[in-house]
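A short write-up of the structure that comes next.
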Amino acid sequence: MTRFTSLRGVPLSTWLPLGVLIVITLAVAVGPAVLPYRAEEIVGDLWEPMSWAHPLGTDQLGRDMLARVLEGGRTSLSLAAVIAGLAFLFGSGAGLTAAFLGGWVDTALSRAVDLLMAFPPLIFALLAIAVLGNSIPVLVTVLTLFEALRIFRLTRSLAMEIAVQEFVAVARLRGEGIGWILFREILPNGMVPLMAELAIRFVFGLLFLSSLSFLGLGVPPPAPDWGGMVRDNAPAVGFGLTAPLVPAAMIAIVAVCVNLVADSLLHTRGRSRSAEG
Amino acid sequence: METTNAAQPILQVRDLRVQAGSQPILKGVSFDLYPGEVLGLIGESGAGKSTLGLAALGHMRGGCACVGGEVLFRGQDVFSLPPRQAGMLRGRKITYVAQSAAASFNPAYTLQSQIAEPLRRGGGASAPIARTIRNLFRRLGLPQPDIFGARYPHQVSGGQLQRAMTAMALAPEPDIVVFDEPTTALDVTTQLEVLAAIKQAIREEGSAALYISHDLAVVSQISDRIMVLRHGQTVEEGTTRELIDTPKQDYTRRLLNVSHAVVPAAVREEAEDEVLSIRGLSARYGSVPVLEDVTLGVRRGTTLAVVGESGSGKSTLAKVVTGLVPAAGGTLTFAGKALRPTLKARDKDTLRRMQMIFQIPDTALNPRQTVGEIIGRPLSFYFGLPRAAVERRVANLLRDIELGPEFARRYPSELSGGQKQRVCIARALAADPDLIICDEVTSALDPLVAEGIIKLLRRLQQEKGVSYIFITHDLGTVKAIAHDIAVMRRGRVVDCGARDAVLSPPFHPYTELLFTSLPTTREGWLEEALAKQPDPDALDGTVPGAGQEAGQANARTGHRRGADRPVASGLGG
Amino acid sequence: MVLTRLIAKRLFGALVTLWFVTVLIFLAVECLPGDAAEALLGKDATPVAVENLRAELHLNDPPLERYVGWLSRVAVGDLGKSLTTNRPIAPMLATRLSNTLFLAATAAAIAVPLAIILGLVSALYRGTRLDRIISVLSLASISFPEFFVGYILLVVFALNLGWFPVLSGINADMGLGEQLHRIVLPALTLVCLVLAYMMRMTRAAVINVLSNPYIEMAELKGCSRREIIVRHAFVNAIGPVANVVALSLAYLVVGVVVVEVVFTYPGLGQWMVDSVSKQDILVVQICGLIFGATYIGLNLTADIVAVLFNPKLRHPR
């Protein structure tokens, strides 16, 4: 398989966001170990402006903002990745099962998904948190559920679309087993839209989690995360300072870059599906 | 109708060059069209004939650009007209009939209002407009012409829509009508009616016409002159009779050969044992019966052609035989053993012995597998061949289908339509089958490519002794490949027997209708065929009480069996 | 008739969903670990207080009776008292809901026409630089968290330029002008939030219509560009676009929650978030129900609009 041979011809709008994402991931991964300050260390006055010592200034307790942002990135990005990954696993597994078994399994799963999707995720999450509290397992479960619903729908419709193609009929006529048909005939043809969807789900998870944290109902303290940092630094706005914009901008940058990559993934393959919601 | 060359040409195309991006579509095409004359444009896909037709209206599809030459309507360049005048030209002076009428009518409006649209723009009063349209409906043979226009596009049939679109093109009494493959999507019997209606209507209106088609026979029936296009260039141009009777170019001769001089497949009398026997087969989708009491046989090493129009159940027959759709009743015997109804119940060897080739090669090949992987899979799956042996066999199979060994590394998207269909054939052969079911395998291909596929299938049959069920609506190819023919209509076999017996008198009326509806290049064919065509309602009438018709078919084959020679395949044992 | 049957089916589906939502919300209380009253009041609560709360929540009744009782009380507007402030919920709810509707309606009034115009423009000028710019900007704005947009607007327009107040709190004593002035920033944030989404979907819907062969046919019939868009494209695009609008409004209704918190706007969303952190379960329930019902209602509208504007369903064979 020679799919990723050449980078030539890849447009700026693809490799630029990809590069930014790689830089951010590396920084978040190794940054905290390299930086002179630890994230929880108080190093100066509150909301100090940007300086050589503190490139992003300091936060509401006088901690180094850069160290906090990198540390917070670990929480936010890894949680979003875990949620997207789990949702992908469950969602595509259930979607393939429904598409392939058909009959009452498909009907039951699809109806259940329709029902859950008729309910706004944020409101559902707020209800769940009101009752169960905002622990990480609760957050991951609720978000995974709602992400999985969308992946289920996409996987199911993709699988159905591909399964009616004649090359699948050829494989069935040959007597191939379900494993070959799923993994060698159907999945390779659905990989591009599914990967794009995975990226979009990652963005959605990051935004959703950050929103909850911003509302004070997301990742519980003391672990810093980007949404929570925006909330903690929000009073700075009252003094005309831009401290909360730093973590907010990080979320925005990551989200924009991942969406751009997903978008170009879909467009270069000529399969444009709506990337929203 | 002879062209009066003394008149001024109404449309002049001068050295027209069109590109899509950097890809040339038309490489300098010129022709003149005189008032009242019908010019046929013929060519295979990619010849640029649609682009040329649209250029006559001064229209370029998205991505295409005119890079040279000019199109003059009454001496005026249609590409440089100001928008207002272009609007008066299109839809009034030059009109267009598209291939897909169903998609070309706006679903939100009635047919009447869409047909009247260009007339109203010309400032006509509504009563005379309505009268004009009613008259056209009547002349085009549409049912209930007084109220037909009140219907919405999705409420009428495909053949009727195509006629409604012709009415839309003729209503403003245009100087030129451009017909772009108007009958290609229709069944042969419907095609005949629409073709005749179009021919009569343009003759009565006295409009000039450009008639675009890939089917030389169709074009020859309707045109005064024909221009053959290939790869964006003119191959040959001449009056219809000249071009048909004394073609100058080799390419034209080859196109003509496809449509008439088919060498019939050699009669195989020695083969008597049936590789597949179908007895009393029925099938249904939900509660709708699609196959009823079908009894047929395929003799070893021969080809049974199953012929019918859309909705005849011929493709369902293929699906039932292969096990994709379970039978509701009847028995199937394959290679001496009873065939289980579902795919899952059949063993691997049975599956191997029966292979299938589909209509559209693009969807029958997994775009993510190389040709080598596609052809090699049956070898490793059925025979467990090791990798090196698979590669050797694949190279041999590629040679069998007249492709080089380098094709093994290519992906389907790198192949042409004909090459893809060849790969599908090689994949079927790789299983070393007894029977290959070919479901409309040539109907998505250009005539010359299709001819190559037919020749290949025939050669492979002679070399390997494989049997075919050849399902098709294209009656032209039947003569070239079939040993036996079964004619299907509405889920039943209405006629069946050896090829020569079915295709010579006395004919079954439906078989005769099908074969007389098949266009030929013979002068006057259209008029004769139309005169011969029985009232379709009379044929319909015999179907519900189908016992009568089936009995008729039985009696006839029985007669043939006695009179001509024993036929192993036939109705009712 | 096909149409009525389809609409009835959609209505029934929405009712089932709504019923499911009430069950879900009701079950939320059931899911509280241990005894709901004790869980809500904490370990130090006096037995009398716990018993009072049990009575307040009807916890002594069997579950089914409790569900039916809750539903019928909600239906007549008897919503009980807030667990934290001990004030009746209904009047508070009325103020909050009308504030939220005011904000959402203002945002929708700006966003809907703007999105349709931008979507149309970018569909009609598809592939041009203008389209590309709109597309990248809208992709970016879809990716921005609500609070990012909110704080940027706040910093620029309220703090640096001083055009609008930092706090968006409104009350009934203010005139409409004053109220509108105060909600400009949250409304703008909501517009940014929903505009890109709505615009992209409008663009897709219009492009879908324009790619139909009947549009080319109209061109070949000599229709002017105006006629093609107004007569041939618009009638077929109106269904999909109306569908897009209704879906986007559903999206907006939920987006309002975070925006209200950013601007401390006294709406339903902010109240709900506040009550969630205080575990004021009765308020959470009723807010959740209202948000859920609005969302379902708008989705239903989108469905019905799609059916109503489909010519094939309107004129059956």
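Find how many whole Å separate the alpha carbon centroid of region A:180-199 from the alpha carbon centroid of region B:299-367.
29 Å
Rounded to a whole number, what % of the accessible area of the protein assembly as shown do carbon and sulfur atoms account for, probe 1.4 Å?
So the carbon and sulfur contribution to the accessible surface is 59 percent.
So how much accessible surface do C and B hide from each other in total, probe 1.4 Å, in square angstrom to the nearest 100?
2300 Å²
What do you get for the angle between helix C:268-277 and the principal long axis of chain C? Use alpha-carbon atoms, 0 to 90 degrees, nearest ten.
Once rounded, one gets 40 degrees.
Rank C:Phe20, C:Leu161, B:Gly43 by how far each Cα sits towards the positive end of the charge dipole of the protein assembly as shown (+1 on Lys, Arg Cβ; -1 on Asp, Glu Cβ) and give me just the farthest.
B:Gly43
Evaluate the charge dipole of chain B about its Cα centre and quote only its size in Debye, nearest 20, assuming +1 on the Cβ of each Lys and Arg and -1 on the Cβ of each Asp and Glu.
In total the dipole reaches around 1520 debye.
Mind grabbing the interface size between A and C? I mean buried accessible area, both sides, 1.4 Å probe, in Å² to the nearest hundred.
Values: alone 14870 and 17540 Å², together 28600 Å².
Using a 1.4 Å probe on protein heavy atoms, the buried area is about 3800 Å².
If each DSSP helix of 4+ residues adds -39,500 (n - 2.57) and the sum is divided by the residues in chain B, what number results at 222 nm, nearest 500 deg cm²/dmol?
-11500 deg cm²/dmol
For chain C, take the longest principal axis of its alpha carbons; what is the angle in degrees between that and the long axis of helix C:281-308, to the nearest 10 within 0 to 90?
20 degrees
Averaged per residue, what accessible surface does region A:1-121 expose to a 1.4 Å probe, in Å²?
Ligands and nucleic acids excluded, the result is 56 Å² per residue.
For region B:1-70, which trypsin sites (Lys or Arg not before Pro) pass both filters: DSSP loop (anything but H, G, I, E, B) and at most 15 other C-beta atoms within 10 Å?
B:Arg61
State whether region B:93-144 is rounded, prolate or oblate according to the following rule on the C-alpha gyration tensor (a ≥ b ≥ c being the square roots of its eigenvalues): a/c under 1.5 gives rounded; otherwise a/b larger than b/c gives prolate, and the remaining case gives oblate. Don't skip to the end; give the middle numbers.
Values: a/c = 1.56, a/b = 1.19, b/c = 1.31.
Oblate is the answer for region B:93-144, as a/c is 1.5 or above yet b/c matches or exceeds a/b.
Total Å² of accessible surface buried at the B-A contact, 1.4 Å probe, nearest 100?
2000 Å²
Using Cα atoms only, what is the angle between the long axis of helix B:188-205 and the major principal axis of chain B, expressed in degrees (0 to 90) to the nearest 10?
10 degrees
Quick one: which residues, 5 or more positions from B:Ser312 or on another chain, have an amide H under 5 Å from its amide H? H modelled 1.01 Å from N in the peptide plane, none for Pro or chain starts.
Distant-sequence amide H within range of B:Ser312: B:Arg490.
Within the set B:Lys199/C:Lys221; B:Lys348/B:Lys420; B:Lys348/B:Lys464, which residue pairs have Cα atoms separated by over 24 Å?
On the way: B:Lys199/C:Lys221 21 Å; B:Lys348/B:Lys420 26 Å; B:Lys348/B:Lys464 21 Å.
From B:Lys199/C:Lys221; B:Lys348/B:Lys420; B:Lys348/B:Lys464, over 24 Å: B:Lys348/B:Lys420.
List the lysines whose Cα sits under 19 Å from the Cα of B:Lys344, skipping any in the same chain fewer than 8 residues away.
Output for B:Lys344: B:Lys319.
Give, rounded to the nearest 20 debye, the magnitude of the charge dipole that the protein assembly as shown has about its Cα centre when Lys and Arg contribute +1 at Cβ and Asp and Glu contribute -1 at Cβ.
It works out to roughly 1280 debye.
In a Gaussian network model over chain A where Cα atoms closer than 10 Å are linked, find which of A:Thr97, A:Thr14, A:Thr107 has the largest mean-square fluctuation.
Greatest mean-square fluctuation among the candidates belongs to A:Thr107.
Mind checking which lysines have their Cα closer than 24 Å to the Cα of C:Lys81? Skip sequence neighbours fewer than 8 apart in that chain.
C:Lys43, C:Lys278
Which is farthest toward the positive dipole end of chain C among C:Asn99, C:Leu176, C:Ala218, measuring Cα position about the Cα centre, with Cβ charges +1 (Lys, Arg) and -1 (Asp, Glu)?
So the residue we want is C:Ala218.
Below 19 Å, Cα to Cα, which lysines can B:Lys479 reach? Residues fewer than 8 away in the same chain don't count.
By straight Cα distance, B:Lys479 reaches B:Lys314, B:Lys455.
Using only the Cα atoms of chain C, build the gyration tensor, take square roots of its eigenvalues as a ≥ b ≥ c, and label the shape rounded, prolate or oblate: rounded if a/c is under 1.5, else prolate if a/b is larger than b/c, else oblate.
Here chain C falls in the oblate category.
For region C:114-240, with every protein chain kept in place, what is the accessible area per residue (1.4 Å probe, Å²)?
44 Å²
The values are calculated or read from the model by the stated rules, or taken from the named source; none is laboratory data. As the structure is a computational prediction, the values presented were derived from the model and not from experiment. Cβ sites come from the backbone with ideal geometry, for glycine too, and all protein chains shown count toward neighbours. Only protein heavy atoms, including side chains, enter the accessible area calculation; ligands, DNA and RNA are left aside. Shrake-Rupley method; radii C 1.70, N 1.55, O 1.52, S 1.80 Å.
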